[in-house]
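Let me begin by presenting the structure, written as structure tokens, before commenting on it.
Laboratory data are not the source of any read-out in this text; all were calculated from the coordinates shown. Quick caveat, the model's predicted, so the values are computed rather than measured.
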Amino acid sequence: MALINLKPAHAKAVEEFARAVPEAMANNAAVDFDRSGSYFTVPFLGNNYRVYYPGGDVEYCVEKDVKGEEVKIDYKVILLHYLTHCSPRAVENVKVSFKELPSGSIYVGPFTNRAVKPLVAVFGDKSEKLVEAALLLGGWKEDIGDVAVTVPVLPKIPVTFVLWEGDDEFPPSGNVLFDASASSHLHTEDYALLPGLALWELKRIARI
């Protein structure tokens, strides 16, 4: 992630966020908006974040292990994009591949490098660790591949990680799937980035 310059994307996200209507964003994104404090509370990868309107500042909700810690810029961009772009469309519980997202074929290279390859590298021979970490993030097991879990990364963004464990002839392999409603809530470029953030958190929880 360090190789990506997210500052321009962050600046644009703040501008778009400031022009949106907060009550509509809260309803579409299925999050709370505190009118008196003018901030959203957004659950994301095991922590709650406050996103202040209209300035777009993002901070952790008061939790002793992260109090005072600066929120990473890639997290800020995803949170702002989610609030700004989320539509009223509900989660459909139908899974699609990254290539099925709009213009997914354009970003399949970055998506593979940031999501699929790390999934296999980290959890390919430690699938039980993937399950344990996903459950701690509020996720659940799926009946896909040899091992699969879905993690509720954001309120309307479930992400499914699938592993095939391999054998003497074939190495482990994997895939990352999204809900059919995914394109109504974030742009495809965000989905090239988002699973990598989730995998980093899963790896941290699994202590690998």
For the range 7-85, the Debye formula with one identical point scatterer on each Cα and no solvent gives log10 I(q)/I(0) at q = 0.21 Å⁻¹ as -0.91
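Distance cut-off 23 Å, Cα to Cα: go down the list Lys95/Lys141; Lys99/Lys156; Lys12/Lys95; Lys95/Lys117; Lys72/Lys99; Lys72/Lys203 and report the pairs above it.
Working: Lys95/Lys141 14 Å; Lys99/Lys156 20 Å; Lys12/Lys95 30 Å; Lys95/Lys117 20 Å; Lys72/Lys99 28 Å; Lys72/Lys203 17 Å.
As for pairs spanning more than 23 Å Cα to Cα, those are Lys12/Lys95; Lys72/Lys99.
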Here, the range 50-134 modelled as identical Cα point scatterers in vacuum has Debye log10 I(q)/I(0) at q = 0.15, 0.18, 0.22 Å⁻¹ of -0.96, -1.20, -1.18
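For the chain, what's the relative contact order in percent, using C-alpha pairs closer than 8 Å and at least 6 residues apart? Kindly include the intermediate steps, with their values, before the conclusion.
Details: 338 pairs, mean separation 44.2, N = 208.
Across the chain, relative contact order equals 21 percent.
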Fraction of alpha-carbon pairs in the chain farther than 32 Å apart, rounded to whole percent, equals 15
Against the 2.2 N^0.38 Å rule of thumb, the C-alpha Rg of the range 95-206 sits at a ratio of 0.99
For the chain, longest principal axis from Cα atoms; helix 7-19 axis from its Cα atoms; angle between them, nearest 10 degrees, is 50
Per the helix-only model, the chain has a calculated mean residue ellipticity at 222 nm (DSSP H runs of ≥4, -39500 (n - 2.57) each, divided over all residues, rounded to the nearest 500) of -10500 deg cm²/dmol
Listed by chain and number, the residues whose amide H is under 5 Å from that of Asp146, excluding neighbours fewer than 5 places away on the same chain and using placed H, are Leu163, Trp164, Glu165
